[in-house]
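The values are calculated or read from the model by the stated rules, or taken from the named source; none is laboratory data. Source: prediction; values computed, not measured. Cβ coordinates were reconstructed from backbone atoms using ideal geometry, including for glycine residues, and neighbour counts include every protein chain displayed. Side chains are part of the model used for accessible areas, which takes the heavy atoms of the whole protein and leaves out ligands, DNA and RNA. Shrake-Rupley method; radii C 1.70, N 1.55, O 1.52, S 1.80 Å.
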Amino acid sequence: MTTIQWFPGHMSKARRQVQENLKFVDFVTILVDARLPLSSQNPMLNKIVGDKPKLLVLNKVDLADPAIIKEWQEYYGKQGILTLLINAKEQSTVKKLTDAAKRLMSAKIERLQKRGIKRETLRTMIIGIPNVGKSTLMNRLAGKKIAVVGNKPGVTKGQQWLRTNKDLEILDTPGILWPKFEDQLVGLKLALTGAIKDNLLPMDEVTIFGLNYFKTYYPERLLEHFKGIDLSEDEPDIIMEMTKKLGFRDDYDRFYNFFVKEVRDGKLGRYTLDRVSDNNGND
Ligand code: G4P
């Protein structure tokens, strides 16, 4: 788990690093967590990346709600943003990403071909907030375990390219950007998925948020998983009841940790915490 402390100096350094590297790449691969298509994005992404072609990759699809992700794909599709769903742990990701890169850059490739210029290998850099799976994806694309000089924004060193195949190369240093941590709701969502450290937010608040979210959108899963739960009660009452039922006596901290772990481990099924309908156009 990441230990980045984001101070204004780190943020401008991270931003500068990404922007310096933009000129070396054909397109940017923006990696987000499919459980948080919006909340796991950097709030200044569009400003930072500017006009560079973007591929928005929703990772961890194995954990996310397929119906909601489909809505996000349609949403971004309408904006002309190409999206790709992956599980970075799977080998099929390599072909998926290479194909998407070619699709994204097809107009440019064609233009070059018409002028008699042979298409060169496409180059990209992977950017995203901590924990979205950048290292996992880079290792998968490089086909070997590479040491990502991660978790310290602004690390600069000699440019190196990791070769995926004849069509795709990736910059060896990912762009690590910060989440929208000033937004309390975003913080709760990041905490519930395990994207930020547990001690950053009170676990009782994370649990109440999670319980409420599942109560609203996936009540049948709660009923199935926590036998005897009474969803007509308020969250604090449910917590008291469930803590007792689970045999934790009055150890509520134990229940918070238990509940959050069950959600993170996907024991309550696949979920997505950002919904297109909640998004008031702020992306
Ligand atoms: P980062 O570089 O962006 O910070 O993220 P990193 O690759 O370290 O991935 C963060 C966590 O997410 C890792 O789990 C990693 O295994 C997991 N992960 C990455 N991609 C996927 C995916 O598509 N599906 C699922 N289910 N998990 C994914 P970890 O618990 O921190 O480590 P470990 O379980 O790999 O030991």
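A DSSP coil position with no more than 16 other Cβ atoms inside 10 Å describes the following chymotrypsin sites (Phe, Trp or Tyr not before Pro) in the range 229-269: Phe248. Computed 3J(HN,Hα) for the range 17-34, one whole-Hz value per residue from the Karplus formula 6.51 cos²θ - 1.76 cosθ + 1.60 where θ = phi - 60°, is 4, 4, 5, 5, 7, 4, 5, 8, 10, 7, 8, 10, 9, 9, 9, 10, 8, 5, glycine and proline marked x. Scanning residues 5 or more positions from Asp65 or on other chains, those with amide H under 5 Å from its amide H are Tyr271, Thr272, with H placed 1.01 Å from N in the peptide plane. Counting charges near Lys52 (Lys, Arg +1; Asp, Glu -1) among other residues having Cβ under 15 Å from its Cβ returns a value of +3. When shorter helices are ignored and each DSSP H run of at least 4 residues is given -39500 (n - 2.57), the per-residue value for the chain at 222 nm works out to -13000 deg cm²/dmol. How large is the translational diffusion coefficient of the chain in µm² per second when you combine the Kirkwood radius over alpha carbon pairs with Stokes-Einstein at 10 °C and 1.306 mPa s? Diffusion coefficient, whole number: 79 µm²/s. Which percent of the accessible area of the range 24-129 is formed by carbon and sulfur heavy atoms (probe 1.4 angstrom)? Percent of accessible area from carbon and sulfur atoms in the range 24-129: 52. Extending 7 Å from the Cα toward the beta-carbon at both Gln91 and Trp161 defines two label points whose distance is 2.6 nm. Between the range 191-222 and the range 114-140, the alpha-carbon centres lie 33 Å apart.
Around the amide H of Thr173, modelled in the peptide plane, lie the amide H atoms of Gln160, all under 5 Å away and 5 or more residues distant in sequence or on another chain. Roughly how many Å² is the accessible area per residue of the range 1-109, as a whole number, for a 1.4 Å probe? Solvent-accessible surface per residue comes out at 46 Å². Restricting to DSSP loop positions (anything but H, G, I, E, B) with no more than 12 other Cβ atoms inside 10 Å of their own Cβ, which GluC sites (Glu not before Pro) remain in the range 1-96? Counting only loop positions with at most 12 other Cβ atoms within 10 Å, the GluC sites (Glu not before Pro) in the range 1-96 are Glu90.
The residues of the range 157-283 expose on average 51 square angstrom of accessible surface per residue, using a 1.4 Å probe on protein heavy atoms.
Think of the range 153-252 as a dipole: +1 on every Lys or Arg Cβ, -1 on every Asp or Glu Cβ, centred on the Cα centre; then among Ile229, Asn199, Asn212, Asn199 lies furthest on the positive end.
Rolling a 1.4 Å probe over the protein heavy atoms of the range 188-275, with every protein chain left in place, gives an accessible area that is 49 percent carbon and sulfur.
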